[in-house]
Structures are given as C-alpha cells and as structure tokens.
Amino acid sequence: MEDVFLPVVICGMLFIGMPWLIFHYVTKWKQAPKITEEDERLLDEMHVLARRLEERLQTVERIIAADNPDFRPARPAESEDYHFDRRN
C-alpha cells in the first residue's frame, strides 16, 4: 500500500499543488493596487519639497557655523557620490 500511496501523493503535490500555489500568487500579484498618476505627482512634489528643506537646512547650518566656529552639524555630511536631483 505504501508503495503506491507515496508516489501518488508526490505526483499530486507536483502536478496539482505547485501550479495552484504559483497561479494563486500570480493572480494576487496582478490584483495588487498600482501607483496612480496622482500618487506619482504627489511623490514628485514631496521629492521637490524634501530637496528645498535640505537646502534650507544646509543654509541654516552654514549661518550657524559662521557665527559659532565650534558648531558641528548633528547629521553626517552629504556624500559626494549621491545627488538629490537624480531620478530613478
């Protein structure tokens, strides 16, 4: 009995279980919400706002550093290889 039962279970899992699992997650992936035009526009606005705030922060830090030579910014200096104006 075991000689027949194990191969039947393995074939069932291989030919029924695996395709069902794959198709289940493929359909879930296709039903997932996509980013809308409004969301993309909002992200672009937030990116521009973040750049402006970063520039303002750098300006304030330069002003404070000019008034107080012992001032050190709490955040690390901007790395040279990263640019805020690049887009993915």
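For labels at Phe5 and Phe71 in the simple 7 Å Cα→Cβ model, what's the distance in nm?
7.9 nm
FRET efficiency for Arg41 and Trp20, Cβ-Cβ distance as r, R0 = 35 Å, nearest 0.05?
Numbers: r = 39 Å, r/R0 = 1.13.
Efficiency, from the Cβ-Cβ distance: 0.35.
When only DSSP loop residues count, what chymotrypsin sites (Phe, Trp or Tyr not before Pro) in region 1-74 have their Cβ near at most 16 other Cβ atoms within 10 Å?
In loop regions of region 1-74 (DSSP not H, G, I, E or B), the sparsely surrounded chymotrypsin sites (Phe, Trp or Tyr not before Pro) are Phe71.
Rounded to the nearest 0.05, what FRET efficiency do Gln58 and Ala32 give with R0 = 35 Å and r taken as the Cβ-Cβ distance? Could you check? Present the calculation step by step, with values, prior to reporting the outcome.
Values: r = 38 Å, r/R0 = 1.10.
Result of the calculation: an efficiency of 0.35.
Where a number appears in this text, it was derived from the coordinates with a stated rule and is not lab data. None of the values given here were measured: they were computed from a predicted structure. All Cβ positions, even for glycine, are placed from backbone atoms using ideal geometry, and neighbour counts span all protein chains on display.
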